[in-house]
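One structure is given below, encoded as structure tokens.
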Amino acid sequence: MPKCLGSVVFLLFLLVPVVYAQDALEEARRLFLSGQYVQSIEATGRVIKAHPDDVRLAAEANYLVGANYLNLFDFLTAKKNFLTVVGKYKSSAYYEDAYLGLGDVEFLQENFDQALKVYEEFLATRPSKKRLATLYFRLAEVHLKLGNLEKSKGYVQRLQSEFPDSFEARDAKR
């Protein structure tokens, strides 16, 4: 075999597992979006098992597993997966979504004081503009649940001032 061809075969050998992992994650995303949460969890589990040292894949897979369990109302397992992303993958594209997920777990369990604590901790990390509208909305919501009407109104005003065209600003008007 020519040396050049041997290099190509070796590169393909290295790329096949990554392509498989991407395909498996794409399938997991599709299953999640179609409401097939258990099957999505199984698909992400295969990715994590096959690529335990791939930080990017692990971060996305753990976030997706958390989101699946959140939809299945298995809050403890969802929280565990979100904590994994927040604790181990701070530079991940899924870090901010996982942090919001942690607050959402508490909110959905009606642990409003704990949800407020998580959302405020996330706010202190200076989240991206991409997530700030959602965070303002959630802070307004949790303050409303706690009876802190002025604080809730304050977050709604910030939301409408900084993100007037956002879905959250339109929803907050209700």
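Some values worked out for this structure:
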quantity: Sequence of 138, 158, 56 when ordered by accessible area, the most exposed leading, probe 1.4 angstrom; calculated: 56, 158, 138
quantity: Area accessible to solvent at residue 153, 1.4 Å probe radius, in Å²; calculated: 110
quantity: Degrees between helix 3-33 axis and first principal axis of the chain (Cα, 0 to 90, nearest 10); calculated: 30
quantity: 28 Å Cα-Cα threshold exceeded, pairs from 49/80; 88/145; 90/153; calculated: 88/145; 90/153
quantity: For the chain, built as a Gaussian network whose Cα springs stay under 10 Å, the top-fluctuating residue of 28, 61, 93; calculated: 93
quantity: Mean accessible surface per residue for the chain, computed with a 1.4 Å probe while every protein chain stays in place, in Å²; calculated: 60
quantity: Helix-only CD estimate at 222 nm, as mean residue ellipticity for the chain, using -39500 (n - 2.57) per DSSP H run (n ≥ 4); calculated: -26500 deg cm²/dmol
quantity: Sequence of 134, 125 from largest to smallest accessible area, 1.4 Å probe; calculated: 125, 134
quantity: Structure-derived Cα extents along the principal axes in Å - corresponding label in [x] 75, 31, 28; [y] 41, 33, 31; [z] 63, 37, 27; calculated: [x]
quantity: Angle in degrees between helix 112-124 and the longest Cα principal axis of the chain, rounded to the nearest 10; calculated: 70
quantity: Ranking by accessible area, most exposed first, for 38, 47 with a 1.4 Å probe; calculated: 38, 47
quantity: Farthest positive-ward along the chain dipole, Cα basis, beta-carbon charges - from 91, 64, 140; calculated: 91
quantity: Cut-off 12 Å between beta-carbons: net charge of the residues surrounding residue 125, Lys and Arg +1, Asp and Glu -1; calculated: 0
quantity: Dipole magnitude of the chain about its Cα centre (Cβ charges: Lys, Arg +1; Asp, Glu -1), debye to nearest 20; calculated: 320
quantity: Portion, in percent, of the accessible area of the chain that falls on carbon or sulfur, probe 1.4 Å; calculated: 58
quantity: Candidates 152, 161, 40: whichever shows maximal mean-square fluctuation once the chain is modelled as a Gaussian network with Cα springs under 10 Å; calculated: 161
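The values are calculated or read from the model by the stated rules, or taken from the named source; none is laboratory data. What you see is a predicted model; the values in this text were computed from it and never measured. Note that we place each Cβ from the backbone using ideal geometry, even for glycine, and neighbour counts take in every protein chain shown. Only protein heavy atoms, including side chains, enter the accessible area calculation; ligands, DNA and RNA are left aside. Shrake-Rupley method; radii C 1.70, N 1.55, O 1.52, S 1.80 Å.
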